[in-house]
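Trainee: Below are the structure tokens for one structure; questions will follow.
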């Protein structure tokens, strides 16, 4: 149970309404009850503040005050909300445990307070840090390294020599360190190229469910610190991704491309190989990137172009059939005028 005054002190917020108002849970804006805390960030919610049944609402500083509703004004209400979620619903402490069905090579190093669940397999020469949680059916290859406080979800595969930095999370069914799509033409056949590289994932990363990150053909596929990927992302061999980059669902990045720091790649974008995407660039949804993108640029469309131009292009595309009809009509009229003018004496 927390009062509005207590929450405000915890997240450095300003109170409007009843400082003694209490909550015991959290919920979404539409589903919240009188004993729930919720938040409203988008401006579309500001006119609906009196519609939610939430006891307390976290809002940004520009939100309007509403009589009879307890509001907490914050610089970052969403972040503040989830700090309270963590306070009310703390994670269970990790208990040191190795399930009897786990198969662990004799020369592996397993850290303190680490939990290894059922049917996990860990190959020779691998090192697992302290406070690591490896969930059921995960396969970890030879000479892998997982640093402290990582969480590896069920059914993950880490191929040989993969390295995961500290406090990183790998979500279910991701495959890290598989061979890249590397073949060379041999007559009418496709000869496979031997992949001897590895994958390095930095500290505080989060890799979504069903990601595929290929090992380097010879060198390293490198994911920087603080990188977050959504579900169903594919990162090909020898890609380099800078720190704190965000990659949304169903993005595909072809081999040997370098992505800078603080880049945002929106859903379903495709990036060709051997390109450079500069620091702070934003790639729009569905974009097809075939050339380098300078730092800080915002691009969209297929092929990619400056976002402002793409907005104009996208408004024209639905009108193309009618524009074509008008153009054909104009051509007919021009030809008729030309033919009539040549017939004049």
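Trainee: Residue check: is residue 191 under 23 Å from residue 282 (Cα atoms) and more than 14 Å from the chain's Cα centre (by Cα)? Can you show your working first?
Mentor: Details: under 23 Å from residue 282 (Cα atoms): no; more than 14 Å from the chain's Cα centre (by Cα): yes.
For residue 191, the condition - under 23 Å from residue 282 (Cα atoms) and more than 14 Å from the chain's Cα centre (by Cα) - is not met.
Trainee: Inspect all residues belonging to segment 187-199 and state whether any of them is in a strand (DSSP E or B) and surrounded by 18 or more Cβ atoms within 10 Å (Cβ to Cβ).
Mentor: Of the residues in segment 187-199, the ones in a strand (DSSP E or B) are 189-192, 198-199.
Filter again for surrounded by 18 or more Cβ atoms within 10 Å (Cβ to Cβ), leaving 198-199.
Yes - at least one qualifying residue is present in segment 187-199.
Trainee: What tally of residues in segment 140-169 results from selecting those that are over 16 Å from residue 114 (Cα atoms) and not in a loop (DSSP other than H, G, I, E, B)?
Mentor: Of the residues in that region, 3 qualify.
Trainee: Related question: For the condition part of a loop (DSSP other than H, G, I, E, B) and under 13 Å from the mean Cα position of the chain (by Cα), what is the one hit in 262, 279?
Mentor: Details: 279 fails: under 13 Å from the mean Cα position of the chain (by Cα).
Just one listed residue meets the conditions, 262.
Trainee: Return yes when residue 221 is within 13 Å of residue 159 (Cα to Cα) and modelled with pLDDT of 95 or more and no when it is not.
Mentor: yes
Trainee: Answer with yes or no whether residue 101 is assigned by TED's automatic domain parsing to the domain that holds residue 8 and over 29 Å from residue 200 (Cβ atoms). Spell out the reasoning first.
Mentor: Details: assigned by TED's automatic domain parsing to the domain that holds residue 8: no; over 29 Å from residue 200 (Cβ atoms): yes.
Against the criterion (assigned by TED's automatic domain parsing to the domain that holds residue 8 and over 29 Å from residue 200 (Cβ atoms)), residue 101 does not qualify.
Trainee: Within segment 52-62, is even one residue over 30 Å from residue 129 (Cβ atoms) and in a helix (DSSP H, G or I)? Working first, answer last.
Mentor: Filtering segment 52-62 for residues over 30 Å from residue 129 (Cβ atoms) gives 52-62.
Narrowing the set further to residues that are in a helix (DSSP H, G or I) leaves none.
So far as segment 52-62 goes, no, none of its residues is over 30 Å from residue 129 (Cβ atoms) and in a helix (DSSP H, G or I).
Trainee: Hey, residue 37 hits all of (1) in contact with a helix residue (DSSP H, G or I) (Cβ under 9 Å, 6 or more places away or on another chain); (2) assigned to a loop (DSSP other than H, G, I, E, B); (3) surrounded by 14 or more Cβ atoms within 10 Å (Cβ to Cβ) but one; which does it fall short on?
Mentor: Going through (1) in contact with a helix residue (DSSP H, G or I) (Cβ under 9 Å, 6 or more places away or on another chain); (2) assigned to a loop (DSSP other than H, G, I, E, B); (3) surrounded by 14 or more Cβ atoms within 10 Å (Cβ to Cβ) one by one, residue 37 breaks only (2).
Trainee: Could you run through segment 168-199 and say how many residues are within 22 Å of residue 135 (Cα to Cα) and touching a strand residue (DSSP E or B) at 6+ places or on another chain (Cβ under 9 Å)? Talk me through it step by step, then tell me what you get.
Mentor: Kept after step one, since they are within 22 Å of residue 135 (Cα to Cα), are these residues of segment 168-199: 168-178, 199.
Then drop every residue that is not touching a strand residue (DSSP E or B) at 6+ places or on another chain (Cβ under 9 Å), which leaves 168-171, 173-178, 199.
Matching residues across segment 168-199 total 11.
Trainee: Exactly one condition in (1) surrounded by 13 or more Cβ atoms within 10 Å (Cβ to Cβ); (2) outside the structural domain of residue 132 (by TED's automatic domain parsing) is false for residue 117; which is it?
Mentor: Tallying (1) surrounded by 13 or more Cβ atoms within 10 Å (Cβ to Cβ); (2) outside the structural domain of residue 132 (by TED's automatic domain parsing), residue 117 fails exactly one: (2).
Trainee: Given (1) within 19 Å of residue 91 (Cβ to Cβ); (2) surrounded by 20 or more Cβ atoms within 10 Å (Cβ to Cβ); (3) in contact (Cβ under 8 Å) with a residue 24 or more places away in the chain; (4) over 18 Å from the mean Cα position of the chain (by Cα), identify the lone condition not met by residue 161.
Mentor: Of the numbered conditions (1) within 19 Å of residue 91 (Cβ to Cβ); (2) surrounded by 20 or more Cβ atoms within 10 Å (Cβ to Cβ); (3) in contact (Cβ under 8 Å) with a residue 24 or more places away in the chain; (4) over 18 Å from the mean Cα position of the chain (by Cα), the odd one out for residue 161 is (1).
Trainee: Ok, one more. Any idea how many residues of segment 76-98 are exposed (fewer than 12 other Cβ atoms within 10 Å of the Cβ) and part of a loop (DSSP other than H, G, I, E, B)?
Mentor: Selection size over segment 76-98: 6.
The values are calculated or read from the model by the stated rules, or taken from the named source; none is laboratory data. As the structure is a computational prediction, the values presented were derived from the model and not from experiment. Using ideal geometry, Cβ is built from the backbone for each residue, glycine included, and neighbour counts are taken over all protein chains shown.
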